[in-house]
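Readers should treat all values here as calculations from the given coordinates under stated rules, not as data from a laboratory. Fair warning: this is a prediction, and the values are worked out from it, not measured in the lab. Counting neighbours? That spans all protein chains shown, and the Cβs are built from the backbone with ideal geometry, glycine included.
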Amino acid sequence: MSTAIEHVFAQVGELRMHAAVAGPADGPAVLLCHGFPESWYSWRHQLLALGDAGYRVIAPDQRGYGQTDAPTAVEAYSQLHLVGDLVGLLEALGIGPAAVVGHDWGGPVAWHAALLRPDVFTAVAGLSVPFSPRVPGATLPTQGLRAALGDAFFYVLYFQDVGVAEAELDGDIRGMLRRILYSISGDIPPEDFRFFDPKARCFNDLLREPPALPEWLTEADLDVFTSEFERKGTFRHGINWYRNIDRTWELLAPFVNVKVQQPALFIGAERDAIFGLSRESVAATKEWVPNLREPIWVPDCGHWIQQEEPQIVNEALLDFLGSL
């Protein structure tokens, strides 16, 4: 019998969290963390495949997204808050130790969950975003970006000022999601890719309108993503994650030189747009993640790996989880 996706709510501190769950209640737990601008629905293919394989799969709407509460304060979106939400969610659901998997912004959440709570998270997989350690002598992330880029436009820096990006993004939620999902997918022609255009003046300057939706993204899929953001009417809460990169860097000072010791996997895409992502940069993280398995690189694929190539990702995750 095929696995069904159920929806649950849990009180996690002052936060009411929503999660999609699948698979047998007594199966080994796997926690899936989405990125920006997404929701639990980004993992629709993995929920079913891992659930059918006997795992208890939990894909929450993370803090600020979908049907999970969205605190007002900008500073309420640090990595410590996000990792704490995962720990509290597992506890509220009565689920023991779990493997944690993250994509995009969910990647840093997964890596830091493994770093900060190895007693709770027994294995970790990152999609698109490798582990980034807190190393001695480093500067604040925004300072490093400004030093490297000068006056060139970079969306992470553009997102720092409260209200600026929201004024641009919130007016057309469906159109913005459609353009973002297309513009850093493997479907955009290389000559049209502009996601790091130093001459851009706003976020929309980086995006392109698709001539048609990619095969992996149906109108029904876009309906779901749009309705999830229309619940709150703004991208602000997801953008607040970007506004905490310096705060998180400061809060992680006690973890300088600490390594992620659990079994780990990285899945990347050959046409991903993540800043600075390369085979060499991922290989270098083995210094900080000593039990990192051989990275998997998906050909002819863009940033939304688990949606663009679900079968490859499902097989890789099942192979990794089965080896633990």
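For the stretch 45-116, the square roots of the Cα gyration tensor eigenvalues, ordered a ≥ b ≥ c, give a/c of at least 1.5 with a/b greater than b/c, which places it in the prolate category. Taking a ≥ b ≥ c as the square roots of the Cα gyration tensor eigenvalues, with a/c under 1.5 meaning rounded and otherwise prolate when a/b beats b/c, else oblate, which class fits the stretch 9-63? The shape class here is oblate. Under 1.5 on a/c is rounded, so check that first for the chain, then, if it is not, pick prolate when a/b is larger than b/c and oblate when it is not; a ≥ b ≥ c are the square roots of the alpha carbon gyration tensor eigenvalues. It comes out rounded by the Cα gyration axes. Be a star and scan the stretch 21-47 for residues whose amide nitrogen sits under 15 Å from the point 7 Å along the Cα-to-Cβ vector of ALA4. Counting only backbone N, you get 21-25. Based on C-alpha pairs under 8 angstrom that are at least 6 apart in sequence, the stretch 91-149 has a relative contact order of 32 percent.
Each Cα pair under 8 Å and six or more residues apart adds its separation to the average, and for the stretch 81-210 the resulting relative contact order is 17 percent. Report P(r) for the stretch 1-155: all Cα-Cα distances, bin width 10 Å, range 0 to the bin holding the largest distance, values in whole percent. Per 10 Å bin, starting at 0, the Cα pair percentages come out as 11, 39, 33, 12, 5, 0. For the stretch 187-239, the spread of Cα positions along the three principal axes, ordered from largest to smallest, is 33, 28, 13 Å. Take every pair of alpha-carbon atoms less than 8 Å apart whose residues are at least six positions apart; their mean separation over the length of the chain yields a relative contact order of 20 percent.
Evaluating 6.51 cos²θ - 1.76 cosθ + 1.60 at θ = phi - 60° for every residue in the stretch 288-299, the Karplus couplings come out as 9, 10, x, 9, 5, 6, 4, x, 10, 10, 8, x Hz, glycine and proline recorded as x. Charge dipole (Cα centre; +1 on Lys/Arg Cβ, -1 on Asp/Glu Cβ; no other charges) of the chain amounts to roughly 800 debye.
The antiparallel fraction among DSSP beta bridges confined to the chain stands at about 35%.
Full extension of the segment from PHE196 to LEU251, taken as 0.36 nm per residue of separation minus the current Cα-Cα distance, would add 16.9 nm. For the stretch 214-288, the alpha carbon convex hull comes to 171 Å³ per residue, rounded to a whole number.
Note on the chain: with a GNM built from Cα contacts shorter than 10 Å, the maximum mean-square fluctuation among GLU280, GLU209, GLU91 falls on GLU280. The simple spin-label model puts a point 7 Å past each Cα toward its Cβ; for ALA73 and GLN11 those points are separated by 2.1 nm.
Among the GluC sites (Glu not before Pro) in the stretch 209-269, those located in a DSSP loop and surrounded by at most 10 other Cβ atoms within 10 Å of their own Cβ are GLU215.
Placing dummy labels 7 Å off each Cα toward the beta-carbon, the span from SER281 to GLN160 is 1.8 nm.
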